[in-house]
Amino acid sequence: MLVDEILYIDIETAIAKHDEIIQKTGGLPGILHQGVLESALQHIQNDEYYPTFVDKLTHIVDQINRQVFADGSKRSSITIGAYFLEINGFDQAVVGIFMREMENPVLLAAQNKLHVDDLRAIIGDIIYHLEMSEETKMRYLLILE
């Protein structure tokens, strides 16, 4: 899917999505770094820095994953990323695969074992090809070793 006009997420919606995750799966409510979240959601609207949809989605996932919330930042990064896909017209199959396949990469990114460029490659492959390319798989396997 190519996105013609990108729809963005506001801070209230991002926090609400996080709260839903905490209610469903447990954890501590609250936000630790609202400024980081606001910044991430604002900065992706700058096409000079984040020219592609994948760049924007990667930045959202990466920034939220970095302990924005008191608990559940990894879960919230995936959920808010999935919501970004949904509002921009990606079908439920893509959203489901994204949610399933991002668990391990997000964990590795949170542990600083996965560089943002690798995260971007994984996200791009998943949302446009529904699986990792051979090149991305090889890079990913090297990280896992």
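Considering segment 19-94, the qualifying helices (runs of 4 or more DSSP H), each wholly inside and each with 3 or more residues that are without any contact (Cβ under 8 Å) to a residue 24 or more places away in the chain, run over 34-43.
Among residues of segment 123-145 that are more than 16 Å from residue 85 (Cβ to Cβ), those with a Cβ under 9 angstrom from a residue that is small (Gly, Ala, Ser), sequence gap 6+ or separate chain, pair up as 132/121; 133/121; 133/124; 135/121; 136/121; 136/124; 139/121; 140/121.
Say whether the condition of being in contact with a Ser or Thr (Cβ under 7 Å, 6 or more places away or on another chain) and at pLDDT 95 or above is met by at least one residue in segment 53-62. Yes, because at least one residue in segment 53-62 is in contact with a Ser or Thr (Cβ under 7 Å, 6 or more places away or on another chain) and at pLDDT 95 or above. Note on segment 31-81: among residues that are within 22 Å of residue 94 (Cα to Cα) and of a type in the set (Gly, Ala, Ser), the one that is farthest from the chain's Cα centre (by Cα) is 73.
Filtering segment 120-136 to residues that are part of a helix (DSSP H, G or I) and either surrounded by fewer than 14 Cβ atoms within 10 Å (Cβ to Cβ) or not basic (Lys, Arg) (or both) leaves 121, 122, 123, 124, 125, 126, 127, 128, 129, 134, 135, 136. Comparison of 89, 124 shows that the only residue that is of a type outside the set (Asp, Glu) and in contact with a helix residue (DSSP H, G or I) (Cβ under 9 Å, 6 or more places away or on another chain) is 124.
The values are calculated or read from the model by the stated rules, or taken from the named source; none is laboratory data. Only a predicted model underlies this, so the values are computations on that prediction, with no experimental measurement involved. As a convention, Cβ positions derive from the backbone with ideal geometry for all residues, glycine included, and neighbour counts pool all protein chains shown.
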